[in-house]
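**Q** Below you will find the structure I want to go over with you.
The values are calculated or read from the model by the stated rules, or taken from the named source; none is laboratory data. Since the model is a prediction, treat every value here as computed from it, not as a measurement. With ideal geometry, Cβ positions are generated from the backbone for all residues, glycine too; neighbour counts draw on all protein chains shown.
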Amino acid sequence: MTPEEAEDIKRHFNVVAEGLRSEIRLVAEGHAGLDQKIDGVRRELQEFRSEARSELRVVAEGLRSEIRLVAKGHAVLDQRIDGVRRELEKFRGEARSEIRLVAEGQKTLRQEAADFRQEVRGEFRDVRKLVEREVVSLKTRLEDTEGRRS
């Protein structure tokens, strides 16, 4: 093998290796992006839970006030309590719906993450096959070159 041929093979291998590095970086960036999305959903869920608890505390305090007023006048306060109960049920229904939506979003994100992992695995297999083919090609070229020298 001449020094020029060896240098050509070396340059070719470096080009292939740089391409693989770029693809691996892209996959890693995609994975990091998914991690950020999942973390964002977790934070939103925690914020939602915190807000829901705060609102429930406010509603609960309102109910306690209503109960104190019941001692002063049953007729008027019965109507108020019924109104508060309706609001509370509406809030609970809305909260359940929001929680279901968040849970569905989490399922979707999990599925998307699983799909992405599968894609990445497939891409890694493809890249691995490409590298293996390139290695075989380089070995063949090297053997041919060494055969010619003999």
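**Q** So which pairs qualify, if the first residue must be in the stretch 131-146 and over 12 Å from Lys10 (Cα atoms), the second must be surrounded by fewer than 14 Cβ atoms within 10 Å (Cβ to Cβ) and among the hydroxyl-bearing types (Ser, Thr, Tyr), the Cβ gap must be under 8 Å, and the two must be at least 6 apart or on different chains?
**A** Going by the 8 Å Cβ cut-off, the qualifying pairs are Thr145/Thr2.
**Q** Continuing with the same structure: Being of a type in the set (A, V, I, L, M), at pLDDT 90 or above and surrounded by 10 or more Cβ atoms within 10 Å (Cβ to Cβ) is true for just one of Leu56, Leu69, Leu20. Which residue is that?
**A** Leu56
**Q** Scan the stretch 1-17 residue by residue and report those that are surrounded by 13 or more Cβ atoms within 10 Å (Cβ to Cβ) and part of a helix (DSSP H, G or I).
**A** Across the stretch 1-17, the qualifying residues are Glu5, Asp8, Ile9, His12, Phe13, Val16.
**Q** Scan (1) part of a helix (DSSP H, G or I); (2) in contact (Cβ under 8 Å) with a residue 60 or more places away in the chain for the single condition Glu47 breaks and write down its number.
**A** Going through the list (1) part of a helix (DSSP H, G or I); (2) in contact (Cβ under 8 Å) with a residue 60 or more places away in the chain, Glu47 breaks only (2).
**Q** Now, a different point. Let me confirm something: among Thr108, Thr140, which residue is within 30 Å of Glu7 (Cβ to Cβ) and polar (S, T, N, Q)? Full working, then the answer.
**A** On the way: Thr108 fails: within 30 Å of Glu7 (Cβ to Cβ).
After applying the criteria, what remains is Thr140.
**Q** For the stretch 61-98, how many residues are within 36 Å of the chain's Cα centre (by Cα) and free of Cβ contacts under 8 Å to residues at least 24 places away in the same chain? Before the answer, list the steps.
**A** At the first step, the residues of the stretch 61-98 found to be within 36 Å of the chain's Cα centre (by Cα) are 87-98.
Adding the requirement that they be free of Cβ contacts under 8 Å to residues at least 24 places away in the same chain leaves 89-90, 92-94, 96-97.
The qualifying residues number 7.
**Q** Looking for whichever is in a helix (DSSP H, G or I), more than 22 Å from Asp115 (Cβ to Cβ) and among the acidic types (Asp, Glu) here; the options are Asp78, Asp39. Which one fits?
**A** Checking each option against the conditions leaves just Asp78.
**Q** Restricted to the stretch 99-129, and to residues that are closer than 18 Å to Val15 by Cα and touching a residue at least 60 places away in the same chain (Cβ under 8 Å), which residue is surrounded by the most Cβ atoms within 10 Å (Cβ to Cβ)? Show your work before the answer.
**A** Keep residues of the stretch 99-129 that are closer than 18 Å to Val15 by Cα, which gives 124, 126-129.
Still in the running and touching a residue at least 60 places away in the same chain (Cβ under 8 Å): 124, 127.
On the way: Phe124: 13, Val127: 16.
Looking at residues that are closer than 18 Å to Val15 by Cα and touching a residue at least 60 places away in the same chain (Cβ under 8 Å), I get Val127.
**Q** When the stretch 23-53 is examined, which residues are found to be within 12 Å of the chain's Cα centre (by Cα), more than 29 Å from Arg96 (Cβ to Cβ) and surrounded by 11 or more Cβ atoms within 10 Å (Cβ to Cβ)?
**A** Passing the criteria: Gly30, His31, Gly33.
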